[in-house]
Amino acid sequence: MTQATARTTTGTSMNTITTAFEHAQALDKRLVGGKAHGLATMAQAGIPVAPGFAVTTQAYEAYLRHTGLDQRLAQALGRVDREALGALEACAREVEAWFDEVPLPDGLMAPLAQSYASLCQALQMTDVSVAVRSSATAEDSAGASFAGEYETFVGLRGIAEVERHLRRCWASAFSARALTYAWKNGIDPLAVDMGVVVQKTVHARAAGVMFTVSPVTGDRSRIVIEASYGLGLGVVGGDVTPDRFVVAKVEGHVIERVLGDKHIEYLSGQQATPVDDERRALLCMDDAELTALAKVGKRLERLHGAPQDIEFALDRELPRGDNIVLLQCRPVTVLPDRKAPGRAADDALMRFASGVLSAASR
């Protein structure tokens, strides 16, 4: 898949609108945002990620400029009472309606459609099911993670759905929650450029999160993995307790296995499916999968030079040994206070609960 471009309003130059993870430009965080940058880094290091492409921050900027939403947003944010939740929520609803009502101009729609068609062709699938995920320039940074502040939508088919939910991802930069978080961290919401990731939906047999440092004790010699059947929606809603595993980082073997309570699973969308008693009594990952996943985690920690918080899935459509797909990689922004490890553990688990793997389409 190659990058797609479109002419600027002057017609004299070309802007990058979409780019494949494998392209050198996808390593420019200012162009694609934090999430896409992380995926591109993994893809170009030979680490498996779900196939897809990034819609760049240039597309976002061009959309706002072409539609005049940049000026309307500046006026709306300038007059809103930042301390009044009701006012923030009313502002967010107004902004969301603006994005819903204004489609992409042809100069942006054509490259998006081209990239989606190329993805379908590469996978030999018609209207491949995809996830559309925010990838802001301020997202997944060491200073402010923005984890869970922006939107993710899964299970979308066809270019019309992709285009509509692309705009909804952009609009999520101005939700009441995102605005509050940005201002609290001294960030101007209008200065945050929004990239978006479009990826094939992973049909997960199991899914979870891996920390290359213990989120409970801060022990860097341990890799902690939590996983449940299907997608991660049950963890977000508190419906299931995931299985928990600990792998010795140096030796590479599993040293702890704790069975969770996985009585339901989400195979797609938001519809829960009961798990039969036999499967419920089994761990959702075996030792071979755990050690293979831990090796990938160690590679990513070396690559980034710091402990990592990694979201993964085991794709049920792929054979064992080739079924690990990584969905996101970001630095662990809060290491435990050894005097109060419980708070650190809660923070780490909340990051998983708000992550894209567990996000449902709305």
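The values are calculated or read from the model by the stated rules, or taken from the named source; none is laboratory data. Quick caveat, the model's predicted, so the values are computed rather than measured. Virtual Cβ from ideal backbone geometry, glycine too; neighbours counted across all protein chains shown. The area values use the complete protein model at the heavy-atom level, side chains included, leaving out ligands, DNA and RNA. Shrake-Rupley method; radii C 1.70, N 1.55, O 1.52, S 1.80 Å.
In this Cβ point-charge picture (+1 for Lys and Arg, -1 for Asp and Glu), region 71-114 has a dipole of about 160 debye about its Cα centre.
As a length-normalised measure over Cα pairs under 8 Å and 6 or more apart, the relative contact order of region 209-250 settles at 38 percent. Run the accessible area of region 178-233 with a 1.4 Å probe and give the carbon-and-sulfur part as a rounded percent. Heavy-atom surface of region 178-233 belonging to carbon and sulfur, 1.4 Å probe: 54 percent.
What whole-number value in Å² describes the accessible area per residue of region 12-67 for a 1.4 Å probe?
Ligands and nucleic acids excluded, the figure is 35 Å² per residue.
What spacing in nm lies between the two simple spin-label points modelled at Asp81 and Gln25, each 7 Å away from Cα in the Cβ direction? Placing both labels 7 Å beyond Cα along the Cβ direction yields 4.5 nm.
May I ask you to give the solvent-accessible area per residue for region 193-274, in square angstrom, as obtained with a 1.4 angstrom probe?
Value for region 193-274: 35 Å² per residue.
Along region 163-171 the Karplus relation, 6.51 cos²θ - 1.76 cosθ + 1.60 evaluated at θ = phi - 60°, assigns HN-Hα couplings of 5, 5, 7, 4, 5, 5, 5, 4, 4 Hz to successive residues, with x for each Gly and Pro. Gain on full extension, evaluated as 0.36 nm per residue between His304 and Glu317 minus their Cα-Cα distance, stands at 1.7 nm.
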